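Engineer: One structure, pasted below without further comment.
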Amino acid sequence: MTIAPPRKRVGVLISGRGSNMVSLAEAAQAQGYPAEIALVISNIPDVAGLERAREFGIATATVDHRAFNRDREAFERAIDEVLRVNQIDLIVLAGFMRILTPWFVTRWEGRMINIHPSLLPLFKGTHTHRQALEAGVSEHGCSAHFVVPELDAGPVILQAKVPVLPGDDEETLAQRVLVEEHKLYPAALAEVASGRARLEGGAVIRG
Ligand code: GAR
């Protein structure tokens, strides 16, 4: 009989509806999945994602950035403390719409991943679907990546592509990408939580 290694305890940071968080919570219910979603933190009170997390029996917390008078490090120290108390091993950003300081990112380097709705390095920042339509690309998609201090610049773990179809608008394209996000992110988290993908020397090392 082989004894499975302990599952990594994951804290998911959200700012909204939390559909990616739900896809992770569903994936983590499978036998043998190497991570458990132990905690969901939102920076905005009462978002739909918090309620959805509670439906899964996941502990939730709100750390409202507006309570910190624009002191980003104080906000992050509060998040860090909630993560520590809950013995979190890995952070998953899932629609978390605050930019994190180098202090926080460095502290969690190699232990924090994000999903971004574009084929990085294309279309960093916000309104990625609008950026893709304006650029006239024929393919778009999403990227799961390790978080580094520079915004949306971390080494990519996995990507998924979708076609851009005639007549697409931001909403239809976003929806097509989101379907892929919900498959990609659980796969990327499994790679990281199992140690099959690691951040070393600024690159993703596999195996
Ligand atoms: C997702 O499309 C995610 O890729 C994007 O926000 C959405 C959150 O949806 N994240 C970013 O743009 C980060 N820069 P969700 O709350 O339903 O998971």
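Engineer: Could you check, for region 5-22, whether at least one of its residues is closer than 23 Å to residue 200 by Cβ and modelled with pLDDT under 95? Even if it seems obvious, please write down each step before you answer.
Structural biologist: Residues of region 5-22 that are closer than 23 Å to residue 200 by Cβ, as a first pass: 5-11.
Remaining after also requiring modelled with pLDDT under 95: 5-6.
So far as region 5-22 goes, yes, one or more of its residues are closer than 23 Å to residue 200 by Cβ and modelled with pLDDT under 95.
Engineer: Scan (1) within 16 Å of the ligand (Cβ to nearest atom); (2) under 19 Å from residue 113 (Cα atoms); (3) more than 15 Å from the chain's Cα centre (by Cα) for the single condition residue 27 breaks and write down its number.
Structural biologist: Condition not satisfied by residue 27: (3).
Engineer: For region 164-190, enumerate the residues that are in contact with a strand residue (DSSP E or B) (Cβ under 7 Å, 6 or more places away or on another chain) and more than 15 Å from residue 23 (Cβ to Cβ).
Structural biologist: 164, 173, 176
Engineer: Now for a separate question. Is it the case, given these coordinates, that residue 179 is assigned to a strand (DSSP E or B) and free of Cβ contacts under 8 Å to residues at least 24 places away in the same chain? Don't jump to the end; show me each part of the working.
Structural biologist: Details: assigned to a strand (DSSP E or B): no; free of Cβ contacts under 8 Å to residues at least 24 places away in the same chain: yes.
It is false that residue 179 is assigned to a strand (DSSP E or B) and free of Cβ contacts under 8 Å to residues at least 24 places away in the same chain.
Engineer: Could you pull out the residue among 137, 147 that is in contact with a strand residue (DSSP E or B) (Cβ under 8 Å, 6 or more places away or on another chain) and of a type in the set (A, V, I, L, M)? Working first, answer last.
Structural biologist: On the way: 137 fails: in contact with a strand residue (DSSP E or B) (Cβ under 8 Å, 6 or more places away or on another chain).
Residue meeting the stated conditions: 147.
Conditions tested, residue by residue: (1) in contact with a Leu (Cβ under 8 Å, 6 or more places away or on another chain); (2) within 20 Å of residue 111 (Cα to Cα); (3) away from the ligand (no atom under 13 Å from the Cβ); (4) without any contact (Cβ under 8 Å) to a residue 40 or more places away in the chain.
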| residue | (1), (2), (3), (4) |
| --- | --- |
| 9 | yes, yes, yes, no |
| 23 | no, yes, no, no |
| 42 | yes, yes, no, yes |
| 53 | no, no, no, no |
| 62 | yes, no, yes, yes |
| 70 | no, no, yes, yes |
| 77 | no, yes, yes, yes |
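Engineer: Within region 6-52, track down each residue that is under 12 Å from residue 93 (Cα atoms), among the hydrophobic types (A, V, I, L, M, F, W, C) and in a helix (DSSP H, G or I).
Structural biologist: Result: 21, 24.
Engineer: Let me ask another. Can you name the residue in region 147-174 that is of a type outside the set (A, V, I, L, M, F, W, C), surrounded by fewer than 16 Cβ atoms within 10 Å (Cβ to Cβ) and over 27 Å from residue 73 (Cα atoms) and, of all such residues, is farthest from the ligand (Cβ to nearest atom)? Step through it out loud before you land on a result.
Structural biologist: Step one: of region 147-174, the residues of a type outside the set (A, V, I, L, M, F, W, C) are 149-150, 152, 154-155, 159, 161, 163, 166-172.
If we keep only those that are surrounded by fewer than 16 Cβ atoms within 10 Å (Cβ to Cβ) too, we end up with 149-150, 161, 163, 166-167, 169-172.
Retained after the next criterion (residues that are over 27 Å from residue 73 (Cα atoms)): 161, 163, 166-167, 169-172.
Values: 161: 15, 163: 18, 166: 23, 167: 21, 169: 16, 170: 12, 171: 12, 172: 14 Å.
Ranking the candidates gives 166 first.
Engineer: Got a sec? Which strands (runs of 3 or more DSSP E) wholly within region 88-146 have at least 3 residues that are touching a residue at least 24 places away in the same chain (Cβ under 8 Å) and within 12 Å of the ligand (Cβ to nearest atom)?
Structural biologist: Details: elements: 90-93, 112-116, 139-146.
Per the criteria, 112-116, 139-146.
The values are calculated or read from the model by the stated rules, or taken from the named source; none is laboratory data. On a predicted model such as this, the values are computed, not experimentally measured, just so you know. All Cβ positions, even for glycine, are placed from backbone atoms using ideal geometry, and neighbour counts span all protein chains on display.
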